[in-house]
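The values are calculated or read from the model by the stated rules, or taken from the named source; none is laboratory data. Computed from a prediction, not measured in an experiment: that's the story for all the values here. Cβ sites come from the backbone with ideal geometry, for glycine too, and all protein chains shown count toward neighbours. Just the protein is used for accessible areas: all its heavy atoms, side chains included, with ligands, DNA and RNA removed. Shrake-Rupley method; radii C 1.70, N 1.55, O 1.52, S 1.80 Å.
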Amino acid sequence: MTKKITVLVCGGGNGAHVTAGLAASRDDIETRVLTTFSDEAERWTNIMKENDLRITVDEGDIKSGESVDFKVKLNCITKDPSKAVPGADVIIFTVPAFAHQSYLEAIEPYIQPNTTIVGMPGQPGFEFQVFDVLKDKAKQCVVMSFESLPWACRIAEFGKFVQILMVKVNLMGCIIRGQSKPSYDPMEAVQRVMGKAPILTQANNYIEPILATKSIIHPPIMYGKWKDWDGKPIEKKPLFYQGLDEEQARYLGGISDELVATAKAIAAQKPEVDLSGVLHLYDWYLRDHKPYIKDTTSLLTVLQTDTAYDGLVHPMKETEDGKFVPDFRYRYLTEDVPNGLVVTKGLAQIAGVPTPFHDEVIAWCQKQLGKDIIVGDELKGKDIGSTRCPQRYGINTMDALVNIM
Ligand code: NAI
C-alpha cells in the first residue's frame, strides 16, 4: 500500500477535468481543485452537489489502463488558495501557460517545503517563472515540467463530462529537486495520478526539454505562410502541416538547426550538462511519427505526408462574406512565441549562438502580437517582461542558466 498523498489540480479546463477526475479515482489520493478563473469554482461545486464527473476514454483501456467509462465525485473545488494549498503534496498546473503566473502568485503564500509543483504542460520558461515567483520557497520544493498534456481531451459538459480522445504512450518531463526532501517519490506520485499511460520518462536536466520543445513549430510555419500575405480574405482554410511549402520548411528547419547548435554550444561550455536528447526536428519526426509518414525524404516531405496531421488547418477567422483571414491571436503565436521561440532564442543568446532564423521569425511575430521583444538580434525590447526568456529573470550567463537555483 503506497502512502496516501494530496493532489491539488490548478485549472478548470479540459486538462484539469481529466487530471482531477483521474486523481479522484485513486484510493490513495485526496484530490482538490483550485480554479481562480471567473465563477468556475462555484459553478463546478454546485454541479458536484447533484452530479458526478464522468470520464470516458475513447481509445479504450488497452493503452490507458483505465476503465473506458467511469464516474468520480470531487469533494473540494475552490477558488480560495488558503483552503486548497495547505497540506497539498503535489500541485499540478493544468492551464494554458499564460495563466501560470497568476496561479503561482495565488499559491505562493501557502506553499510549504517539500511540495511538488508540476507544469502539465510546463512549456519553455516554466522553471524560470516558478523560481521567480516563489523565490527561496522554490528551493525547498520539487519543480517538474512535462512537455505536453498526456491526452487529447475535451470537456463535453462543464463539470460533468470530459472525454479523453487520445492517450500518449510516453511523456517526457524534467525534475528539479533543489533542497527538498519529500516523503514520497514525486515522479511516482504523478504517475499514480496518470495511471498506466502515458509512461512518464525523465529528461537529463531542465535545459534539454526547452531545446527539444515542439512549441517552435507553429511560428515559423505561420511566418512562412503569411509574411507576404496581401491582406485579402481567402476562400478556404489552408492545411497547416500538409500544406507546407519550401519556404516554410526552410524557416522551420533553420530554427531547428539553431536549437541543435545551441545544445552543442552549451555542452561544449558545460560538458556536465547532457543534452543528447535534443534532436533535430527531422530526426524527431522520424523517431516519433514514422508510422504516419509516407515520404521521409526531407523535413518538407515529412510534414507534407504526415497522416497524423490529416485535416489540420491554419487558425483562421471567418469574414462576413464567408471567406477567411489568418488569426494571429491564436495560441500558435500568443502562447508559442513568449513561451517557446523567445525562450529558445534566450538560451541561444546566452550560449553565443547566432540565430538569424529565430530573429527574423520573432521580429514578424512580435508585430502581429503588438509587442516589442527583439531588437536586431537581441532580446532587449520593452515587452520582454511578457515572455519567459531567461533574460527577463536576470539569467544572462551560462553559469546562471545551469545553476538556476
Ligand atoms: P483550456 O483551454 O481548457 O483551459 C481553459 C481554462 O484555463 C479555463 O477553464 C480556466 O480554468 C483557465 N483560464 C482561462 N483563462 C484564464 C485566465 N485569464 N486566468 C486564469 N485561468 C484562466 O486548456 P486545456 O485544453 O486544458 O489545455 C491546457 C494546456 O495543455 C494548454 O497549454 C494546451 O495548449 C495544452 N494541450 C491541450 C490539449 C488538449 O487536448 N486539451 C492537448 C495538448 C496540449
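What number of residues within the stretch 324-350 are more than 14 Å from the ligand (Cβ to nearest atom) and under 21 Å from residue 390 (Cβ atoms)?
10
Any residue that is in a loop (DSSP other than H, G, I, E, B), open to solvent by 20 Å² or more (accessible area, probe 1.4 Å) and in contact with a helix residue (DSSP H, G or I) (Cβ under 9 Å, 6 or more places away or on another chain) - is there at least one of those in the stretch 246-269?
No; the residues of the stretch 246-269 include none that is in a loop (DSSP other than H, G, I, E, B), open to solvent by 20 Å² or more (accessible area, probe 1.4 Å) and in contact with a helix residue (DSSP H, G or I) (Cβ under 9 Å, 6 or more places away or on another chain).
Which is more than 13 Å from the ligand (Cβ to nearest atom), more than 28 Å from residue 338 (Cβ to Cβ) and out of contact with any helix residue (DSSP H, G or I) (no Cβ under 8 Å at 6 or more places or on another chain), of 56, 115?
Going through 56, 115 in turn, just one is more than 13 Å from the ligand (Cβ to nearest atom), more than 28 Å from residue 338 (Cβ to Cβ) and out of contact with any helix residue (DSSP H, G or I) (no Cβ under 8 Å at 6 or more places or on another chain): 56.
Testing residue 327 on (1) touching a strand residue (DSSP E or B) at 6+ places or on another chain (Cβ under 6 Å); (2) surrounded by fewer than 16 Cβ atoms within 10 Å (Cβ to Cβ), one condition comes back false. Which one is that?
(2)
Taking the options 313, 260, 302, name whichever one is within 30 Å of residue 350 (Cα to Cα) and aliphatic (A, V, I, L, M).
From the options 313, 260, 302, the qualifying one is 260.
For a quick check of your reading of the model, give me the residue pairs whose first member lies in the stretch 286-300 and is open to solvent by 40 Å² or more (accessible area, probe 1.4 Å), whose second is in a loop (DSSP other than H, G, I, E, B), with beta-carbon atoms closer than 8 Å and at least 6 apart or on different chains.
Here the result reads 286/296; 287/279; 290/296; 294/305; 295/305, each pair linking the stretch 286-300 to a residue that is in a loop (DSSP other than H, G, I, E, B).
Does residue 303 count as open to solvent by less than 30 Å² (accessible area, probe 1.4 Å), in contact with a helix residue (DSSP H, G or I) (Cβ under 6 Å, 6 or more places away or on another chain), of a type outside the set (Gly, Ala, Ser) and at pLDDT 95 or above?
When the stated conditions are applied, residue 303 does not pass them.
Can you tell which of 371, 345, 382 is assigned by TED's automatic domain parsing to the domain that holds residue 256, open to solvent by 60 Å² or more (accessible area, probe 1.4 Å) and under 30 Å from residue 239 (Cβ atoms)?
It is 371.
Quick one: which residue in 40, 50, 30 is of a type in the set (Asp, Glu), open to solvent by 20 Å² or more (accessible area, probe 1.4 Å), out of contact with any Gly (no Cβ under 6 Å at 6 or more places or on another chain) and within 26 Å of residue 133 (Cβ to Cβ)?
Testing whether each residue is of a type in the set (Asp, Glu), open to solvent by 20 Å² or more (accessible area, probe 1.4 Å), out of contact with any Gly (no Cβ under 6 Å at 6 or more places or on another chain) and within 26 Å of residue 133 (Cβ to Cβ) leaves just 30.
Contact list please: Cβ distance under 8 Å, first residue in the stretch 136-148 and touching a residue at least 40 places away in the same chain (Cβ under 8 Å) and away from the ligand (no atom under 12 Å from the Cβ), second residue open to solvent by 10 Å² or more (accessible area, probe 1.4 Å) and among the basic types (Lys, Arg), pairs at least six apart or on different chains.
From residues that are touching a residue at least 40 places away in the same chain (Cβ under 8 Å) and away from the ligand (no atom under 12 Å from the Cβ), the pairs are 142/177.
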